[in-house]
1. Give the lysines whose C-alpha is closer than 16 Å to that of Lys332, dropping any in the same chain fewer than 8 places away, or say none.
2. Relative contact order of the chain: what whole-number percent is it, with Cα pairs under 8 angstrom and at least 6 residues apart?
3. Relative contact order (percent) for region 110-205, with alpha-carbon contacts under 8 angstrom and 6 or more residues of separation?
4. Using amide H atoms built in the peptide plane, which far-off residues or other-chain residues are under 5 Å from Trp267 H to H?
5. How big, in percent, is the set of alpha carbon pairs in the chain lying more than 44 Å apart?
6. By how many nm would the segment from Leu236 to Asn308 lengthen if fully extended, with 0.36 nm per residue of separation less the alpha-carbon distance?
7. Spin-label point model (7 Å from Cα, Cβ direction): what's the Thr361 to Glu381 distance in nm?
8. Which value in deg cm²/dmol, rounded to the nearest 500, describes the helix-derived mean residue ellipticity at 222 nm for the chain, given -39,500 (n - 2.57) per DSSP H run of n ≥ 4 and division by the residue count?
Amino acid sequence: MKKKMLLVLPSHYQRDGSLITVKKASLNLNLSLPTLAGLTPADRFEMRILNDYVHPVDPDTEADLVAITTLTTTAQRAYDLADQFRARGKTVVLGGYHVWAFPEEAAHHADAIAVGEAEDIWPQIADDYLAGRLRDRYIAPGPAELAGRPAPRYDLVNIKDYKVEVYPVESSRGCPFHCDYCAVTAFHGGRHRLRPLAEVLRNIQATGSRYIAFTDDNIVADKDYARELFKALIPLKIRWMAQSTMLLADDTDLIRLAAESGLRFAWIGVESISPRALSEVHRKINQVQEFERRIAEFNANGILVGANIIFGFDQDTKETFRETYDFLIRNKVFPFLYILTPVPGTKVYQRMKEDGRLLTTDWSRYTGYETVYRPVNFTPEELDDLYFSTLADLFTFKNNVHRSAAKVRLRNLKEDFFIQLGAFVVGSQVGYAARHRIPDYW
């Protein structure tokens, strides 16, 4: 008889202790759990993936083995669920980023912990569980090679739990840059690893969808590989989004090829328009003087730019918010704003901890939209207020229209219209959430 396994994506708590729940989640971007399911012998386990944000997990759910992935924000909810499952006699394995950052903390809440990337340790965990010899700790030997891995189990994802049909696919992993605030290099290492193109295409086809979100940390980190990937995507006629640097705009042929292959939305790590702030956290690849030219190149190719912006660097002042607002409105990009968050495992976290600047270790508050450290030029409350007021100003009805209407091209009228309509709807929701300070529901 097959063992029953639950694979859990935990929610997180609001400041009042209530659990965040939504009718539908925004985007299906979690690849960890379908990947674990793909690494698990299907002839030995009956598996389910549970999204705690949409369907709060019941610890009485029938299961033999429960695997819970953790980010820092979701760690406390993950621990609570783990404790409740274990109290009912179920075996719990905790893994993910926060377990890597604080293995001793996580070990108190699990029968076993998985430290590091899963590919080289999860099959052993499953085998040991079945053989009755589960150890309390499994440590990955290093960054996993991506070649030769099974396809993720996309069939276990209930896409109806999400507002938009999109499936996560990974073609590469790791980032060669070492920005102080970023957890990617800390967790995945600085070596950029590639998945064979045939396996990437296999995984895309396994989704059964035309709408793909590449989870790569930088889709063009290896330009030669990216070029071959984009060529291979053209016959699939998919539409896709990905993270990229602005350097893509400097290669005219490559950005045109990306657009031809279906790239319609690019998350770009702008982070700050202040050279001093970028230098402070060793974000060396960003050249502020080139931002506007490069954004225009993305727009000219029909690629909507999502600009990630961080506020709260030690160099930031109140004027930084106004200058950033003007930059974002002028360039008509879709902004993703965050408050600098000292994520455990990063250089920023270590530096702030050593300097006594951390205000709390309530991990549920490490969200990216609450100040959890002592800023240099603001009080925590001032930084929060400036963040929300800027966010609300960026997503007024007028600015949502201004951002969207300018990007509908006559030669691609129908598709551009629906993309920008979607951006307008999301912008309206973000504006409402910002004005009412309920960012958990974005």
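Bear in mind these aren't lab numbers, they're just calculated from the coordinates by the rules spelled out. What you are looking at is a predicted structure, and each value in this text was computed from that prediction instead of being measured. Cβ placement follows ideal geometry from the backbone for every residue including glycine, while neighbour counts extend to all protein chains displayed.
1. Filter leaves Lys398, Lys407.
2. Values: 811 pairs, mean separation 54.0, N = 442.
Relative contact order for the chain comes out at 12 percent.
3. This gives 26 percent for region 110-205.
4. Result for Trp267 returns Ala242, Gln243, Ser244, Gly306.
5. Working: 8670 of 97461 pairs.
The answer is 9 percent, as a whole percent.
6. Numbers: separation 72, 0.36 × 72 = 25.92 nm, distance 2.90 nm.
The span from Leu236 to Asn308 would gain 23.0 nm if fully extended.
7. In this crude label model, Thr361 to Glu381 measures out at 2.7 nm.
8. Details: 16 runs with 162 residues, N = 442.
Result for the chain: -11000 deg cm²/dmol, rounded to the nearest 500.
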